[in-house]
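Asks: Please see the structure below; I have some questions.
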Amino acid sequence: MSVMDRSEKRVIATTGALLSLFIFSILYARGRYNDLPECLPFNKAYTEPKVTRLDDKTYQVYAVAQMWQFQPAEIFIPVGSEVDFFVTSRDVVHGFNIYEKNVNLMAVFGNINKTTVKFDKPGVYKITCHEYCGVGHQNMQAQVVVNDPAAH
Ligand code: CUA
């Protein structure tokens, strides 16, 4: 039977503890931030811009970026809605940023990036391209208009 050096045992114990900590952190983050963006398999259906109402509080938006605009350019939803954004590009790489909602995606040709956002407060939320995409880049934006039907 071989005898292990004390420092070797210490290294193994430390490594084991760190490894457990890393695995725990990953699992914790997964549970805590379960609304992380996803990358979906490409499907041509997502390249046609549209807003679909699934029910009173659930919407799906197929957002298509191209030089130098987003389609749809305006999205109207009632307050409290949860929106799935499916983002893609028709040409170069664009950005898809909703500052107030901490949304930070890339719009890439041949890719579908998905994120889900809940709009709890009425207002106008700007969608901006934050990835340099050519001479019209600084004008490339759209907006989500969240209104409160009870306020009218
Ligand atoms: Cu599109 Cu910058």
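Bear in mind these aren't lab numbers, they're just calculated from the coordinates by the rules spelled out. Predicted, not measured: the structure shown is a model, and the values here were computed from it. Cβ atoms come from the backbone with ideal geometry, glycine included; neighbour counts cover every protein chain shown.
Asks: Restricting the search to segment 1-51, which residues are in contact with a Ser or Thr (Cβ under 9 Å, 6 or more places away or on another chain) and either exposed (fewer than 10 other Cβ atoms within 10 Å of the Cβ) or not aromatic (Phe, Trp, Tyr) (or both)?
Replies: 35, 36, 37, 38, 47
Asks: Any chance you could count how many residues in segment 1-41 are of a type in the set (D, E, K, R) and in a strand (DSSP E or B)?
Replies: Here the count works out to 1.
Asks: Quick check on this structure: which one of 89, 81 is buried (at least 18 other Cβ atoms within 10 Å of the Cβ), polar (S, T, N, Q) and closer than 22 Å to residue 148 by Cα?
Replies: Checking each option against the conditions leaves just 81.
Asks: Only residues that are free of Cβ contacts under 8 Å to residues at least 60 places away in the same chain, within 17 Å of the chain's Cα centre (by Cα) and within 16 Å of the ligand (Cβ to nearest atom): list them for segment 50-70, please.
Replies: 64
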